[in-house]
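Student: Mind having a look at this structure? Questions to follow.
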Amino acid sequence: MAATVIDGKAFAARVRGQVATHVAALKADHGITPGLAVVLVGEDPASEVYVRSKGKMTLEVGMKSVEHKLDAETAEADLLALIHQLNNDPEIHGILVQLPLPDHLDEDLVINSIDPAKDVDGFHISNVGLLGTGQDSMVPCTPLGCLMMLRDHHGSLSGLNAVVIGRSNIVGKPMAQLLLGDSCTVTIAHSRTKDLPDVVRRADIVVAAVGRAQMVPGDWIKPGATVIDVGINRIEKPEGGTRLVGDVDYDSCAAVAGAITPVPGGVGPMTIACLLANTVTACCRANGLPAPEGLTV
Ligand code: GUN
């Protein structure tokens with residue numbers, strides 16, 4: 001039977017709709033407008049596209065959007081001073097510093113200078129520790145989006161075997177923590193994992209986040225498993241031009257999986273939707289209000 005295609009674009013539109021409803025209520029009931037500041041250093045074209053898209057969607061859900069575009073040669077002290085100013089700005093509830101940063105800037109130092117309560121990426125060491133110990137934290141956007149889709153598809157994830165391929169701080173490690181929090185049996189596989197095909201074949205849930213185009217073929221997938229593809233890779237088409245593909249070979253995986261996310265239109269749209277959700281969560285917590293149900297873990 002053909003796999004169910006998990007429509008991340010439609011799911012993300014629903015999440016943005018829920019965010020917009022909460023934003024309207026915060027304004028009407030409390031006179032508060034959630035604000036998101038995005039900081040971009042340098043002129044990486046892909047980052048510029050992301051930042052523009054984040055700004056547009058922030059405004060669309062009724063939040064305040066602030067963009068700071070800094071020169072590629074910006075001194076670390078100047079970037080830290082801007083973050084300090086945003087940390088102390090009561091109209092800003094979320095701060096995102098777009099990565100990667102130019103080489104002369106210490107990424108860990110910069111991320112850890114963000115107020116953890118405004119760290120809507122969930123990258124600050126305090127948030128990493130809170131997530132790892134099952135306490136309220138800001139949850140990284142891409143894994144949060146994957147978890148929302150998995151919960152929606154499966155209901156309970158309890159007892160399922162999950163294999164996360166990739167051990168990045170942004171996706172692999174927090175994804176594993178979230179799946180563990182939902183009582184999955186979790187394996188984190190990576191480039192040194194022995195017998196990777198056999199490891200993946202045991203999974204009821206496969207999350208592929210390695211950044212290698214079409215690396216996972218269909219014969220690694222257990223029949224009926226759910227495949228979440230985090231990869232976004234641009235490849236050459238035989239007839240010329242390029243196209244986007246994920247980390248799994250879509251056609252062969254879709255032939256055996258029970259459910260699968262496409263690329264594009266799967267995980268990608270959920271990342272920005274979850275960034276907006278995290279900003280509302282941060283705003284609610286900053287004002288002593290409960291975080292909206294369904295928009296966080
Ligand atoms: N660059 C690529 N993905 C991300 C992300 O999720 N957050 C930030 N800050 N930068 C990124």
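The values are calculated or read from the model by the stated rules, or taken from the named source; none is laboratory data. All values derive from a computational prediction rather than experimental measurement. So basically every Cβ, Gly included, is an ideal-geometry build from the backbone, and we count neighbours across all protein chains shown. Accessible surface is based on the protein model in full, side chains and every heavy atom, while ligands, DNA and RNA are left aside. Shrake-Rupley method; radii C 1.70, N 1.55, O 1.52, S 1.80 Å.
Student: Filter region 216-250 for residues that are out of contact with any strand residue (DSSP E or B) (no Cβ under 7 Å at 6 or more places or on another chain) and farther than 20 Å from MET149 by Cα and give the result.
Tutor: Selection gives PRO217, GLY218, ASP219, TRP220, PRO238, GLU239, GLY240, GLY241.
Student: Right, another one. Only one residue in LEU144, LEU86 is surrounded by 15 or more Cβ atoms within 10 Å (Cβ to Cβ), over 20 Å from ALA209 (Cα atoms) and within 15 Å of the ligand (Cβ to nearest atom). Which one?
Tutor: Matching residue, one of LEU144, LEU86: LEU86.
Student: How many residues does region 278-297 hold that are part of a helix (DSSP H, G or I) and within 18 Å of the chain's Cα centre (by Cα)?
Tutor: Here the count works out to 5.
Student: Confirm whether VAL206 is touching a Phe, Trp or Tyr at 6+ places or on another chain (Cβ under 9 Å), closer than 26 Å to VAL297 by Cβ, without any contact (Cβ under 8 Å) to a residue 60 or more places away in the chain and buried (at least 19 other Cβ atoms within 10 Å of the Cβ).
Tutor: Yes: the conditions hold for VAL206.
Student: Is at least one residue of region 252-262 within 15 Å of the ligand (Cβ to nearest atom) and touching a strand residue (DSSP E or B) at 6+ places or on another chain (Cβ under 9 Å)?
Tutor: no
Student: Answer yes or no as to whether MET63 is surrounded by 13 or more Cβ atoms within 10 Å (Cβ to Cβ) and more than 14 Å from the ligand (Cβ to nearest atom).
Tutor: The answer is yes for MET63.
Student: Picking from LEU105, LEU40, which residue would you name as being in a loop (DSSP other than H, G, I, E, B), open to solvent by less than 80 Å² (accessible area, probe 1.4 Å) and of a type outside the set (Val, Ile, Thr)?
Tutor: Answer to the selection: LEU105.
Student: While we're on this one: Can you tell me how many residues in region 91-118 are more than 15 Å from the ligand (Cβ to nearest atom), in contact with a strand residue (DSSP E or B) (Cβ under 8 Å, 6 or more places away or on another chain) and among the hydrophobic types (A, V, I, L, M, F, W, C)?
Tutor: Result for region 91-118: 1.
Student: Filter region 43-60 down to residues that are within 12 Å of the ligand (Cβ to nearest atom) and under 18 Å from LYS118 (Cα atoms) and give me whichever is surrounded by the most Cβ atoms within 10 Å (Cβ to Cβ).
Tutor: Filtering first and then ranking leaves LYS54.
Student: Given the condition surrounded by fewer than 23 Cβ atoms within 10 Å (Cβ to Cβ) and of a type in the set (Ser, Thr, Tyr), answer yes or no: does some residue in region 164-171 qualify?
Tutor: yes
Student: Something else: Looking only at region 171-196, which residues are over 17 Å from the mean Cα position of the chain (by Cα), assigned to a loop (DSSP other than H, G, I, E, B) and either modelled with pLDDT of 95 or more or farther than 24 Å from PRO100 by Cβ (or both)?
Tutor: Of everything in region 171-196, those that are over 17 Å from the mean Cα position of the chain (by Cα), assigned to a loop (DSSP other than H, G, I, E, B) and either modelled with pLDDT of 95 or more or farther than 24 Å from PRO100 by Cβ (or both) turn out to be ASP182, SER183, CYS184, HIS190, ARG192, THR193, LYS194, ASP195.
Student: Among the candidates SER158, SER168, single out the residue that is within 21 Å of the chain's Cα centre (by Cα) and not charged (D, E, K, R).
Tutor: SER168
Student: Taking the residues in region 115-159 that are part of a loop (DSSP other than H, G, I, E, B) and out of contact with any helix residue (DSSP H, G or I) (no Cβ under 9 Å at 6 or more places or on another chain) as candidates, determine which candidate is farthest from LEU96 (Cα to Cα).
Tutor: Within region 115-159, the match that is farthest from LEU96 (Cα to Cα) is GLY159.
Student: Which members of region 119-131 meet the condition of being within 13 Å of the ligand (Cβ to nearest atom) and either modelled with pLDDT under 95 or open to solvent by 10 Å² or more (accessible area, probe 1.4 Å) (or both)?
Tutor: Matches in region 119-131: ASP121, PHE123, HIS124.
Student: Of the residues THR21, THR33, which is farther than 26 Å from ILE228 by Cβ and either out of contact with any helix residue (DSSP H, G or I) (no Cβ under 8 Å at 6 or more places or on another chain) or part of a helix (DSSP H, G or I) (or both)?
Tutor: Unique residue meeting the criteria: THR21.
Student: On the given criteria, is MET149 crowded, with 24+ Cβ neighbours inside 10 Å and either within 25 Å of ASN127 (Cα to Cα) or acidic (Asp, Glu) (or both)?
Tutor: In short, no.
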